[in-house]
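This report concerns only the one structure given below.
The values are calculated or read from the model by the stated rules, or taken from the named source; none is laboratory data. Bear in mind the structure is a predicted one, so any value in this text is a computation, not a measurement. Neighbour counts are summed over all protein chains in view; Cβ atoms, including those assigned to glycine, are modelled from backbone coordinates with ideal geometry. The area values use the complete protein model at the heavy-atom level, side chains included, leaving out ligands, DNA and RNA. Shrake-Rupley method; radii C 1.70, N 1.55, O 1.52, S 1.80 Å.
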Amino acid sequence: MKTREIGCRGRGMLLGLFALLATMPAAAQTESARQFEVAKNLDIFNAICKNLDMMYVDTLDAKQTVGTAITAMLQSLDPYTVYYPEASELRNFLTGKYAGIGALIRYHLKWNNAVIDEPYYGTPSQEAGLRKGDIILSIDDTTMVGKDTKYVSDRLRGDAGTTFMLKIRRPSTGKVMQMRITRRAIRQMPTIPYYGMQGNGIGYIYLTQFTEDCSKEVRRAFLDLKRQGMKALVLDLRSNGGGSESEAVNIVNMFVPRGVTVVSNKGKLKRANHDFKTTVEPIDTVMPLVVMVNGETASSSEITSGALQDLDRAVILGTRTYGKGLVQLPMDLPYNTQMKMTTGKYYIPSGRCIQAVNYKQGSGGYMKHIPDSLTRVFYTSSGREVRDGGGIMPDVVLKPDTMPNIVYYLNGAGLDSTEVMFDYEVDYIAAHPTIAPAGDFELTDADFENFKQRVLQNGFTYDPQSEKMMKELKKIMEFEGYYEDAKPEFEALERKLKHNLEKDLDRNKEVLKQMLGSDIVAAYYYQGGAIEYALKYDRQMKEACRLLLSPGEYRSLLRPKK
């Protein structure tokens, strides 16, 4: 009887709503119907939650159950609309900071333990004297033996100002040490881990993320390089995933005049639409500038590189950027929770939006990449053609050197692959109290021979791509009946492609020396040293410098093609 009464009231409400809709304009009817659908589904969701809490066979964790529903709902929209159960999580994301000791850790299979991989400069880990390879035995009275990296990382982090006792074993000596460490606010990665002069008056700045006040750090680095005699600049935004939009505008403002529109936000709410203009006098509007980008250059990095391209202020070099043209705003929610919501798209000075993917709502949502054939032409300040959709296409397209297959496996693809490399580096560091400066350091041929013998004795194996392809081809040929006729030629080719680990190591000697050298330099000179070391071998950096030393070619790239 009770159910019937609820049903009658529901029918009465619907009849009243339909009568009301009949007298309303079409647009108003559509909006009213949409609002009714929202209210109806919220009532359904609320009823489901209450019934689950009251009648479900097991006691529910409301935070987990509802949190999962919220996350699934937001995932049906786009990857950037995110719910944060704790407001501090969003704050850490926006600032790039957390409270901890400032070190990368990794899991070592042979030792069944998490170990220190890389302490960051100027952090509690570095100040406490932690080194690459140190085995984390316990935190306070809790053992870390056999625990995975997430478990260990969660306990290394905590509130800034809190202290804990860390016990480690140093593998090179076997010595067990204890140290009291105080946690403090740490950037997930230094905003500018390295900047410096590269010779011939060319300066270099590597910006890793657009966190708050990063533009001030870029400004300080730029002015310091000018004092050192910089005549041209390479700004490296490769793998910079972005961040603060206003910081991107501030960095562009260093190179273009006051009063220029850098980026415009446009969304559903008109009051949220906003044009970001340069507001102060620039530092330098004429210095030659190359901005390096790649497929992981996204968001505010694309605003920076795209605006400088549209304003003909810099040559963009590298590979096509990620293509994130959406804008998010943080929103406060009840009970100290927050949400980061996509509220619109941004448009850079030429008027283009470089969003590469259309996110469609529906059951689970789906993505649709915008094909190049559907992108539209826009024009830079000087009249050069540029396109929307699909990220920023560089003025000079140049791919980086590819990593050989064996190097890929030694650097992390196999179960035991990284341990032979990691263990060699730890022993090298223990045997060398000091090394040459980062820009001068080189592993010797004798060092490489030592490493090669370790790999061979370790029983390291990997799966060469050529052998994998040959096996697949053989299966196809056998299935289609062609293998027997081609068997002699096929077997001859297999013999030529037969896996020879020692030859593969020798063939990739220089690349392996560079990778080992980079890790070793980082242990002595931290991230800045590793970047300085790597620039010596960086194909894209060499081309950027060549271009800056060729004024005619540089200027021609910023003029429309005739």
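Summary table below
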quantity: Burial order of peptide ranges 507-519, 311-323 (average beta-carbon count within 10 Å, highest first); calculated: 311-323, 507-519
quantity: Mean Cβ neighbour count within 10 Å, used as a protection proxy, ranking 297-309, 51-63, 386-398, 259-271 highest first; calculated: 297-309, 386-398, 259-271, 51-63
quantity: Alpha-carbon gyration tensor eigenvalues x 5, square-rooted, for region 108-155, Å; calculated: 19, 13, 9
quantity: Cβ charges +1 (Lys, Arg) and -1 (Asp, Glu), total dipole of the chain, debye; calculated: 1720
quantity: Furthest towards positive pole of dipole, Ile192, Pro257, Ala272, structure part region 185-286, Cβ charges; calculated: Ala272
quantity: Efficiency of FRET from Cβ geometry, Thr461 and Ala492, R₀ 22 Å, rounded to 0.05; calculated: 0.35
quantity: Angle between the chain longest axis and helix 62-75 axis [Cα atoms, degrees, rounded to 10]; calculated: 80
quantity: Heavy-atom surface of the chain, accessible at 1.4 Å and reported per residue (Å²); calculated: 55
quantity: Burial ranking of peptide ranges 526-539, 30-43 (average Cβ count within 10 Å, highest at the top); calculated: 526-539, 30-43
quantity: Greater than 22 Å apart at Cα, pairs in Lys324/Lys536; Lys110/Lys150; Lys110/Lys471; Lys63/Lys340; Lys231/Lys536; calculated: Lys324/Lys536; Lys110/Lys471
quantity: Solvent-accessible surface (1.4 angstrom probe) belonging to Phe378, in square angstrom, nearest 10; calculated: 30
quantity: Accessible-area value, Ile520, 1.4 Å probe, nucleic acids and ligands omitted, Å²; calculated: 0
quantity: Helix 539-548 vs. the chain, principal-axis angle (Cα, 0 to 90°, nearest 10); calculated: 80
quantity: FRET efficiency for Arg184 and Lys562, using Cβ-Cβ distance with R0 set to 51 Å, rounded to 0.05; calculated: 0.30
quantity: Among Leu308, Gly459, Phe222 - extreme Cα towards positive end, dipole of the chain, charges at beta-carbon; calculated: Leu308
quantity: Between helix 214-227 and the chain: long-axis angle, C-alpha atoms, 0 to 90°, nearest 10; calculated: 40
quantity: At 1.306 mPa s and 10 °C, Stokes diffusion of region 490-562 via Kirkwood alpha-carbon radius, µm² per second; calculated: 99
quantity: Total charge dipole magnitude, region 193-287, about the Cα centre, Cβ charges on Lys, Arg, Asp, Glu only, Debye to nearest 20; calculated: 300
quantity: Assigned charges on the beta-carbon of Lys, Arg, Asp, Glu; region 121-193 dipole about Cα centre (debye); calculated: 200
quantity: Extension gain (nm, one decimal) between Glu127 and Asn273, 0.36 nm per residue minus Cα-Cα; calculated: 47.9 nm
quantity: Region 177-268: projected area of the alpha-carbon convex hull, averaged over directions, in nm²; calculated: 10.2
quantity: Region 244-329, accessible surface, carbon-and-sulfur percent (1.4 angstrom probe); calculated: 53
quantity: The chain - Debye-derived log10 I(q)/I(0), Cα point model, q = 0.06 Å⁻¹; calculated: -0.43
quantity: Gained length - Asn112 relative to Met331, 0.36 nm times residue gap less alpha-carbon distance; calculated: 74.6 nm
quantity: Fraction of beta bridges assigned by DSSP in the chain that are antiparallel (%, nearest 5); calculated: 75
quantity: Region 279-343 - convex hull of alpha carbons, volume per residue in Å³; calculated: 133
quantity: Volume per residue of the C-alpha convex hull in region 380-460, rounded to whole Å³; calculated: 185
